[in-house]
Amino acid sequence: MRITVIGSLAMDQTAEMDVFPSDGQTVMGNAVRYSPGGKGNNQCVAAARLSGNVEMVGMIGSDANGRELRSLLRAEGIADRFVFSCDLPTGMAQIQVNGSGQNRICVVPSANHAFGFGDLDRADEAIRESGIVLLQMELRNDVTFEAVRRAKKYGKTVIFNPAPASGLPDELYPMIDYLTPNETELSVLTGLPAETPEQIAAAAAVLRKRGTGNVIVTCGARGVYADAENFCGFSEGFRVHAVDTVAAGDCFNGALAAGLSEGMSLADALRFANAAGALSVQRKGAVPSLPNRADVDSFLRAHARVEHI
Ligand code: RIB
């Protein structure tokens, strides 16, 4: 089953430092790296490395970063016929990573926000030919919401990663089969606290009541909480040493799409995606951190089941 990702492509500039600067402070960094990123691109590459039949839809600039991103898609075997080019610069993200592997990210969308309704029309075939459509919130919201409507109209499975989070129109929730916020995004979507397990469960239930098919909350090292059609509960994460959590959520979403596209049960797809995420946090960068299928399969073989939903 083909996975179509409609979303952002960006080049990441990452500075490593021991501690984040506070307002008005300058700190000395340890290293700077450039690597491909953008939540859409990351999720697309994650899915491609894990399953194979993947298409990207989005916008890049006619510049060196755009050319590098297109080369990456092709090298990963990702269909790029509806990755358009425009005169704006390719999107960029400035990322800070501290000594604990935590990150802060500022995305400058540039070309990503030039992707409009006409481009969605041109990419209609990609939506119709896919089984799963995976979206995030780094394109223009109005265009992203229209992409969800079209995917649902064509009867596709919609996975929606509300990142970076802003409000969703009420009419959208029933069109989403899998909504995948992290705790912060869950709080933004519901206006409720989402820190303790009880708070997360209560907030996820609110999103289910709005009509969402399944709500999957990614909780970092704690694993995921699912308020799903057939079960509710936590699936514990794998305990690993995290050096860089950039794109861990993207890796999870791409892996979830890959698992579901192969017909895995939701519980198995969540375990598969948790394993992929656990591998990604042990490596630096966004795209460079995304594991391949052999890595994930051998990680799963090496780790006894911690907890089954
Ligand atoms: O989720 C991580 C990604 O967010 C980075 O690659 C950066 O490009 C931003 O989009």
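The values are calculated or read from the model by the stated rules, or taken from the named source; none is laboratory data. Just so you know, these numbers come straight off a predicted model, no measurement behind them. Here the Cβ positions follow ideal geometry from the backbone for every residue, glycine too, while neighbour counts run over all protein chains shown. Ligands, DNA and RNA are excluded from the accessible area calculation, which covers all protein heavy atoms including side chains. Shrake-Rupley method; radii C 1.70, N 1.55, O 1.52, S 1.80 Å.
Structural remarks
- Using distinct alpha-carbon pairs, which all enter the 1/r mean, Kirkwood radius of region 140-285 in Å: 15.3
- If the Kirkwood radius is taken over C-alpha pairs of region 173-226, then at 25 °C and 0.890 mPa s the Stokes-Einstein diffusion coefficient equals 230 µm²/s.
- Heavy atoms of the protein chains alone define the surface here; on that basis region 105-146 has 36 Å² accessible area per residue at 1.4 Å probe size.
- Shape descriptor for region 44-96: Rg over Rh equals 1.00 (Cα atoms; Rh from the Kirkwood inverse mean 1/r).
- The value for region 15-174 of Rg(Cα) / (2.2 N^0.38 Å) is 1.13.
- Packing-based ranking of 231-239, 275-283, 142-150 yields 275-283, 142-150, 231-239, ordered from highest to lowest mean Cβ neighbour count within 10 Å.
- Solvent-accessible heavy-atom area per residue, rounded to whole Å², over region 250-309 at 1.4 Å: 36
- Label-point separation in nm, Asn30 to Thr196, each point 7 Å along Cα→Cβ: 3.6
- The alpha carbons of region 128-199 give a radius of gyration and a Dmax of 12.7, 41 Å, in that order.
- Note on Cys232 and Ser71: with the Förster distance fixed at 45 Å, the Cβ-Cβ geometry gives a FRET efficiency of about 0.55.
- Each principal axis of the chain carries a Cα extent, and these read 49, 47, 39 Å when sorted largest first.
- Value of [θ]222 nm, deg cm²/dmol, for the chain, DSSP H segments ≥ 4, -39500 (n - 2.57) each, nearest 500: -10500 deg cm²/dmol
- Fraction of antiparallel bridges per DSSP, the chain only, in percent to nearest 5: 40
- Ranked packing of 18-27, 122-131, 39-48, 153-162, most packed first, by mean Cβ within 10 Å: 39-48, 153-162, 122-131, 18-27
- Averaging 1/r over each pair of different alpha-carbon atoms in region 1-67 and inverting the result gives 14.1 Å, the Kirkwood hydrodynamic radius.
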